Amino acid sequence: MSLYRLEALRSIRKILSLCELQPGDILAIYTDTGKSPALVEGFFGAALALELEPLMLTIPAPHRMLQEPSPPALLAMKGAKMVADLSSEQWLYTNGLNEILDSGGRVLQVLSTEHTLVKMTPTEALVQRAQRVAKMLTKAKEIRITSDNGTDVVANVEGRNGWGQDGIARVPGEWDSTPSSIFACAPIEGSVEGTLVVEPGDFVWTTPKEILVSEQMTIKLKKGRAAEIQGRADARMTGSWLASFGDPNSYVVAHTGFGGDPRASIDQAQEVESIEGCINFALGANIFRGLGGKNKAKSHLDIMLMKQSMFLDDECVVKDGKIVHPELAIGPIQ
Ligand SMILES: [Fe+2]
């Protein structure tokens, strides 16, 4: 085993410890042939070291996102204390995932590489900040996004749960993705209006190949949907990726919020949404319980905006890509 694998093992062990699992707890490891064997072995090894009972479930690599787990795999996952989701394609917005959570299970998704796992291992300080942001988002009635370059978007979020993702799943029914630090809220369906100006340096998470935006793109939002995507090549690629699903619900606004980890960087797709002060704006499926959204769709597209501002009921939380709200300041995170 390489020394780097041992570092990843240490991070995985810390993550499972922060999840407060107890000796004898069953950890189902749901994976497929497309996943890094080092990560899979790392979770199995860390589970053994913590005296958990690991249970491996391996399927052929899925060829599309949001694939429902098979009934026997679902049954096994529902019987575990926690699922380490080491699938190579995300299935967050599926009925199967909600069934596991509704039955009291926990799911910890791992989309990242070993490198990101070691670099951004969750910490208690980040867990606490995520909880504070979730409360602020839950309290908010309206979210506004603005930028010097013409973004002005308003969303009604009254009554919607704020979501604070911190890379740790501690309680029954909880889902999280590790490592990550992402805060979000699902707007009331039909409520989002305005213009979103995506700038060079922003990021559009199409799969399997993401777009690092190099020319301005303008998205017109009407009645909660992306009604028009204007621009040059990046806009055309984004539009054709969405159209490829053949699903009108792919254009519905799914969530917005911001990232909170100062260690995250743009060179790894799985880190971008966690960049501290980076605003997320997603289109497509959002039926995940933690968001409370109602849109079922065949796709989910995250757009990450690096230098924009966010207001919760006119109170500024992010200014030009920096978290500025005093309640969200944190000290050293290690
Ligand atoms: Fe998203």
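Structural remarks
- Filter pass, ALA47 being touching a helix residue (DSSP H, G or I) at 6+ places or on another chain (Cβ under 9 Å) and not assigned by TED's automatic domain parsing to the domain that holds PRO208: yes
- Lone unmet requirement of (1) under 20 Å from MET65 (Cβ atoms); (2) more than 16 Å from the ligand (Cβ to nearest atom) for MET217: (1)
- Test: ALA235 is under 15 Å from LEU301 (Cβ atoms), within 16 Å of the ligand (Cβ to nearest atom) and modelled with pLDDT of 95 or more: no
Rundown of residues vs (1) modelled with pLDDT under 95; (2) closer than 20 Å to PHE311 by Cα, yes/no style:
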{"position": "ALA184", "(1), (2)": "no, yes"}
{"position": "ILE188", "(1), (2)": "no, yes"}
{"position": "VAL198", "(1), (2)": "no, yes"}
{"position": "TRP205", "(1), (2)": "no, no"}
{"position": "PRO208", "(1), (2)": "yes, no"}
{"position": "VAL213", "(1), (2)": "no, no"}
{"position": "LEU221", "(1), (2)": "no, yes"}
{"position": "ALA227", "(1), (2)": "no, no"}
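- Qualifying residue in region 92-111 (condition: closer than 23 Å to ILE266 by Cα and of a type in the set (Val, Ile, Thr)): yes
- Flag set for VAL253, criterion: assigned to a strand (DSSP E or B), within 30 Å of THR138 (Cβ to Cβ) and out of contact with any Asp or Glu (no Cβ under 8 Å at 6 or more places or on another chain).
- Among (1) within 21 Å of ILE182 (Cβ to Cβ); (2) crowded, with 21+ Cβ neighbours inside 10 Å - the single one ALA235 does not satisfy: (1)
- Test: residue in region 77-93 that is among the polar types (S, T, N, Q), outside the structural domain of LEU39 (by TED's automatic domain parsing) and either in contact with a strand residue (DSSP E or B) (Cβ under 6 Å, 6 or more places away or on another chain) or not in a loop (DSSP other than H, G, I, E, B) (or both): no
- Unmet requirement for GLN270, which otherwise passes all of (1) assigned to a helix (DSSP H, G or I); (2) over 27 Å from MET120 (Cα atoms); (3) within 14 Å of the ligand (Cβ to nearest atom): (2)
- Just one of the listed residues (GLU193, GLU276, GLU199, GLU210) is closer than 18 Å to ASP166 by Cβ, away from the ligand (no atom under 12 Å from the Cβ) and acidic (Asp, Glu), and it is GLU276.
- Residues of region 284-334 satisfying the condition of being in a helix (DSSP H, G or I) and without any contact (Cβ under 8 Å) to a residue 24 or more places away in the chain: PRO326
- Only a single item in (1) under 19 Å from the mean Cα position of the chain (by Cα); (2) not in a helix (DSSP H, G or I); (3) not aliphatic (A, V, I, L, M) is not met by THR58, and it is number (1).
The values are calculated or read from the model by the stated rules, or taken from the named source; none is laboratory data. If you're wondering where the values come from, they're calculated on a predicted model, not measured in any experiment. Ideal geometry is used to build each Cβ from the backbone, glycine not excepted, and the neighbour counts take in all protein chains shown.
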